[in-house]
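Please read the structure below before turning to the comments.
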Amino acid sequence: MKISLKKCHFAYSELKALGHVVSGLCLGIYKHKVEAVLLKPIPQTKKEMQSFLRFAHYYRHHIKDFSRIAKSLYKLCDQQTVYEMTEETVKAYEKLKNAPFLLMPDLKSPLKLYIDACGEGLGAALH
């Protein structure tokens, strides 16, 4: 394996790579992309909603409960569904649009692992 020194980055506090901003504290999203999404109005067509969902899906790992929140929006984009924003879909859209970033853990603080399980599945969260 060869390493190209031209492509290496050393002693950076923050680095932009593959659509993400990587730092010692978090793995975030480009600030200008977040601002662009925040300024957009509610999508008026299936095509606009699909565009928003593609953006949100790329960053789904940063959004807690992404699948659960986005479910109604994906249904809205179905071929057989008439595109009509309801109170539920507007809430889901706003929740995704304004979702907080998930940060890297502070290793100086104690970590807690929360686990939940039932007959249908299981989940865990590290706080």
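What follows is calculated from the coordinates using simple rules that are stated; it is not laboratory data. Since this is a predicted model, take the numbers as computed values, not measurements. Reconstructed Cβ throughout: ideal geometry from the backbone, glycine too, with neighbour counts over all protein chains shown.
Close amide-amide hydrogen proximity is noted between Y30 and V21, each under 5 Å apart and 5 or more residues distant or on a separate chain (H modeled in the peptide plane; Pro and chain starts excluded). Which pairs break 21 Å Cα to Cα here: K33/K108; K71/K91; K33/K75; K33/K71; K47/K71? Cα-Cα > 21 Å for K33/K108; K33/K75; K33/K71; rest within. Which option, (1) -0.75, -1.24, -1.27; (2) -0.64, -1.28, -1.34; (3) -0.49, -1.31, -1.40, is the value of log10 I(q)/I(0) by the Debye sum over Cα atoms at q = 0.12, 0.22, 0.23 Å⁻¹ that was calculated from these coordinates? Read-out from the structure maps to (2).
When shorter helices are ignored and each DSSP H run of at least 4 residues is given -39500 (n - 2.57), the per-residue value for the chain at 222 nm works out to -10500 deg cm²/dmol. Stretching the chain fully between S51 and K108 yields a gain of 16.6 nm (0.36 nm per residue, less the alpha carbon separation). What residue among A99, A56, A36 shows peak mean-square fluctuation when the chain is described by a Gaussian network model with Cα springs under 10 Å? In the Gaussian network model the winner is A36. Each residue, L38 and S72, gets one label point 7 Å from its Cα in the Cβ direction; the gap between the two is 2.4 nm. In order along the stretch 112-124, the Karplus-derived 3J(HN,Hα) couplings, from 6.51 cos²θ - 1.76 cosθ + 1.60 at θ = phi - 60°, round to 10, 9, 9, 10, 9, 9, 8, x, 9, x, 8, x, 8 Hz, and Gly and Pro are given as x.
Remind me, relative contact order of the chain in percent, using alpha carbon pairs under 8 angstrom and six or more residues apart? About 21 percent, as a whole number. Note on N98/S13: beta-carbon distance plugged into 1/(1 + (r/R0)^6) with R0 of 22 Å gives a FRET efficiency of 0.25.
Annotation note: chymotrypsin sites (Phe, Trp or Tyr not before Pro) in the stretch 1-43 located in DSSP loop regions with a Cβ neighbour count of at most 11 within 10 Å are F10, Y12.
Only one residue of L111, A99, C8 has its Cα farthest out toward the positive end of the dipole of the chain, where Lys and Arg carry +1 and Asp and Glu -1 on Cβ, and that residue is C8.
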